[in-house]
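Q: Quick one: structure below, then a few questions.
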């Protein structure tokens, strides 16, 4: 399946542990790349498990009357993302 890259890829984590967030998402040649961030003050060291997430595609659509609106479409769920919080 091919995707137009004229929009923004977005990732929403489902019930992540405290201190774990999506830092940035970018398009790559084969799909999307996701960078996660752990907050050293909130994330518990040695915590590990699976993160569940959904991918979305957001773009701006022009209406017939010339107005624009943001449209966010679900791409689908991502495979489980294995994670482990380690001390720096």
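The values are calculated or read from the model by the stated rules, or taken from the named source; none is laboratory data. Only a predicted model underlies this, so the values are computations on that prediction, with no experimental measurement involved. Glycine gets a Cβ as well: all are built from the backbone with ideal geometry, and neighbour counts include every protein chain shown.
Q: Can you say whether residue 79 is assigned to a loop (DSSP other than H, G, I, E, B), free of Cβ contacts under 8 Å to residues at least 60 places away in the same chain, out of contact with any helix residue (DSSP H, G or I) (no Cβ under 8 Å at 6 or more places or on another chain) and surrounded by 11 or more Cβ atoms within 10 Å (Cβ to Cβ), as far as the supplied structure shows?
A: On the way: assigned to a loop (DSSP other than H, G, I, E, B): yes; free of Cβ contacts under 8 Å to residues at least 60 places away in the same chain: yes; out of contact with any helix residue (DSSP H, G or I) (no Cβ under 8 Å at 6 or more places or on another chain): yes; surrounded by 11 or more Cβ atoms within 10 Å (Cβ to Cβ): no.
Answer is no for this residue.
Q: For residues that are more than 10 Å from the chain's Cα centre (by Cα), in a strand (DSSP E or B) and within 18 Å of residue 6 (Cβ to Cβ), tally how many sit in segment 22-56.
A: 3
Q: Among 36, 74, which is within 15 Å of residue 23 (Cα to Cα) and modelled with pLDDT of 90 or more? Steps first, please.
A: Working: 74 fails: within 15 Å of residue 23 (Cα to Cα).
Only one candidate passes the filter, namely 36.
Q: If I go through segment 57-69 residue by residue, how many of them are without any contact (Cβ under 8 Å) to a residue 40 or more places away in the chain and under 12 Å from the mean Cα position of the chain (by Cα)?
A: From segment 57-69, those without any contact (Cβ under 8 Å) to a residue 40 or more places away in the chain are 61-69; that's our starting set.
Filter once more, so that each one left must be under 12 Å from the mean Cα position of the chain (by Cα): none.
Total meeting the criteria: 0.
Q: Can you name the residue in segment 20-30 that is free of Cβ contacts under 8 Å to residues at least 40 places away in the same chain and under 19 Å from residue 44 (Cβ atoms) and, of all such residues, is surrounded by the fewest Cβ atoms within 10 Å (Cβ to Cβ)?
A: Quick first cut of segment 20-30, residues free of Cβ contacts under 8 Å to residues at least 40 places away in the same chain only: 21-30.
Subsequent filtering for residues that are under 19 Å from residue 44 (Cβ atoms) retains 21-23.
On the way: 21: 13, 22: 16, 23: 9.
Of everything passing the filter in segment 20-30, 23 is surrounded by the fewest Cβ atoms within 10 Å (Cβ to Cβ).
Q: Got at least one residue in segment 3-15 being at positive phi, under 15 Å from the mean Cα position of the chain (by Cα) and either in a strand (DSSP E or B) or loosely packed, with under 11 Cβ neighbours inside 10 Å (or both)?
A: First, the residues of segment 3-15 that are at positive phi: 15.
The next check asks that each one be under 15 Å from the mean Cα position of the chain (by Cα); those that pass are 15.
In the following step, the residues that additionally are either in a strand (DSSP E or B) or loosely packed, with under 11 Cβ neighbours inside 10 Å (or both) were identified as 15.
Yes; the residues of segment 3-15 include at least one that is at positive phi, under 15 Å from the mean Cα position of the chain (by Cα) and either in a strand (DSSP E or B) or loosely packed, with under 11 Cβ neighbours inside 10 Å (or both).
Q: Regarding residue 72, is this residue within 17 Å of the chain's Cα centre (by Cα), in contact (Cβ under 8 Å) with a residue 60 or more places away in the chain and surrounded by 11 or more Cβ atoms within 10 Å (Cβ to Cβ)? Full working, then the answer.
A: On the way: within 17 Å of the chain's Cα centre (by Cα): yes; in contact (Cβ under 8 Å) with a residue 60 or more places away in the chain: yes; surrounded by 11 or more Cβ atoms within 10 Å (Cβ to Cβ): yes.
Here the answer is yes, as residue 72 does meet what is asked.
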